[in-house]
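Asks: Structure incoming, see below.
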Amino acid sequence: MTETTPPFEYRTGGDESLSIHRIATGGRERTGTIGPRPDHVVFWLADGHAELSSDRGERWHVPAGAPVMLSAPVAYAFRTDADRMTLLHITPALLGETDEPSEFVQPDPDDVRLEPLRTLLREVVDRVLDPDLPVPERRALNRRVATVVLSTFTPTRPDVEDRLRCAIRFVHEHAGDPITVVDIGAAAGLSERGLQDLFRRRLAVTPMQYLREVRLDRVHAVLSAPGPDVVTVREVAWRWQLAHLGRFAAAYRARFGEGPSQTLTRGGRPAGPDDF
C-alpha cells in the first residue's frame with residue numbers, strides 16, 4: 001500500500017478589520033520567515049509545536065493550543081511540525097492604534113491570561129469564517145475579540161524617539177558611504193515604510209532628503225575651512241556621495257545662498273577651473 005500525504009487545505013473568512021485563516025499543511029514540517037506587515041497576527045496550533053524567533057533576539061517554544069501574538073512591526077522566523085494551525089489577522093486600528101503599530105509582550109504558554117482568549121477563539125472562529133454573518137454582528141464580534149486580545153497581550157510601544165536617534169546617528173556616521181533608505185531603516189529597526197513615516201512626522205523630510213542635507217553640510221564645512229590644502233569642489237562633492245554635480249550645485253546654492261566655489265574662495269582657497 002502506498003502512503004499518501006494529506007492535501008494542503010486553506011480556509012479564510014472575515015472582513016478588512018479582522019479575519020481568520022485556517023491552514024492544514026498535510027503533516028509536512030515547515031520553516032520560513034514572516035516579515036513586518038500591516039496587521040498583527042495571533043496564531044495557535046491544533047497539534048505539534050513550533051519554534052519561533054524574532055528580529056529582536058527573542059525565542060519561544062510554542063506548544064499546541066497556546067495563542068501567540070506576532071506584532072506587526074516585527075519580523076519572525078519559525079519552524080513547525082504542526083498539521084493544523086489557525087491565524088487571526090487583526091488591524092492595528094481595531095486595537096485602537098492611531099500611530100505606529102505596537103509591539104506586544106508574549107505571555108508564557110501556561111499563563112492564566114491566555115485562557116479567556118482560548119475560550120473565546122473556540123467560540124468565535126466558525127462565526128468569523130461564516131460569509132453570511134450579518135455586518136452588525138460581525139462588527140460587534142470584532143470589537144469583542146479586540147477587547148480580549150488587548151487584555152491578553154500587553155502592548156509595549158517602541159521608543160520612537162530612540163529609533164529616530166539611531167537613524168540619525170547612522171546617517172551622520174555613514175554620510176560618506178553609499179547607503180540607502182533600507183540601510184538606514186535596518187539601523188533603526190524599522191521597515192522602509194516605517195522609517196519614511198517617522199521622518200516625515202518628526203522632521204518633515206524624507207530620510208534621503210535628510211541624508212542629502214547632512215552631506216551638503218559636510219561639503220560646506222570642508223570648503224569653508226581655511227587651510228593650505230588644495231581641494232576642488234568636484235572631489236569634495238564626490239567624497240560625500242554627491243556625484244550628480246548639477247543637482248549638487250543647485251541644492252548647495254539653495255541651502256547656503258551661494259555656490260560651492262564662492263564658499264571655497266571665501267575660505268581663502270583658490271577655485272579651480274572646473275569648480276562651480
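The values are calculated or read from the model by the stated rules, or taken from the named source; none is laboratory data. Bear in mind the structure is a predicted one, so any value in this text is a computation, not a measurement. Methodologically, a virtual Cβ is constructed for each residue, glycine included, from the backbone with ideal geometry; neighbour enumeration extends over all protein chains shown. Surface accessibility is based on the protein's heavy atoms, side chains included, excluding ligands, DNA and RNA. Shrake-Rupley method; radii C 1.70, N 1.55, O 1.52, S 1.80 Å.
Asks: Name every residue in the range 170-200 that is open to solvent by 50 Å² or more (accessible area, probe 1.4 Å), part of a helix (DSSP H, G or I) and farther than 25 Å from Arg239 by Cβ, in order of residue number.
Replies: Across the range 170-200, the qualifying residues are Glu192, Arg193, Asp197, Arg200.
Quick grid of which residues meet (1) part of a loop (DSSP other than H, G, I, E, B); (2) open to solvent by less than 60 Å² (accessible area, probe 1.4 Å); (3) at pLDDT 90 or above:
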residue: Tyr10; (1), (2), (3): no, no, no
residue: Ile20; (1), (2), (3): no, yes, yes
residue: Phe43; (1), (2), (3): no, yes, yes
residue: Ala72; (1), (2), (3): yes, yes, yes
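Asks: Here is a follow-up. Could you please tell me which pairs satisfy a Cβ distance under 6 Å, a separation of 6+ or placement on different chains, a first residue in the range 133-158 that is in a helix (DSSP H, G or I), and a second residue that is of a type in the set (Gly, Ala, Ser) and crowded, with 17+ Cβ neighbours inside 10 Å?
Replies: Asn142/Ser17
Asks: Can you go through Ala221, Ala204 and tell me which one is free of Cβ contacts under 8 Å to residues at least 40 places away in the same chain and either open to solvent by less than 50 Å² (accessible area, probe 1.4 Å) or more than 16 Å from His172 (Cβ to Cβ) (or both)? Working first, answer last.
Replies: On the way: Ala221 fails: either open to solvent by less than 50 Å² (accessible area, probe 1.4 Å) or more than 16 Å from His172 (Cβ to Cβ) (or both).
None of the other options fit; the residue is Ala204.
Asks: Right, another one. Kindly indicate the residue of the range 83-98 that is assigned to a strand (DSSP E or B), open to solvent by 20 Å² or more (accessible area, probe 1.4 Å) and not aliphatic (A, V, I, L, M) and also nearest to Arg37 (Cα to Cα) among those meeting that condition.
Replies: Result: His89.
Asks: Show the residue pairs that are 6+ apart or on different chains and have beta-carbon atoms under 6 Å apart, the first residue being within the range 99-114 and farther than 29 Å from Leu198 by Cα and open to solvent by 30 Å² or more (accessible area, probe 1.4 Å), the second being assigned to a loop (DSSP other than H, G, I, E, B) and at pLDDT 85 or above.
Replies: Pro109/Ala66; Arg113/Pro107
Asks: Now for a separate question. So, Thr80, is that one farther than 21 Å from Ser151 by Cα and surrounded by 15 or more Cβ atoms within 10 Å (Cβ to Cβ) or not? Spell out how you get there, then give the answer.
Replies: Working: farther than 21 Å from Ser151 by Cα: yes; surrounded by 15 or more Cβ atoms within 10 Å (Cβ to Cβ): yes.
When the stated conditions are applied, Thr80 passes them.
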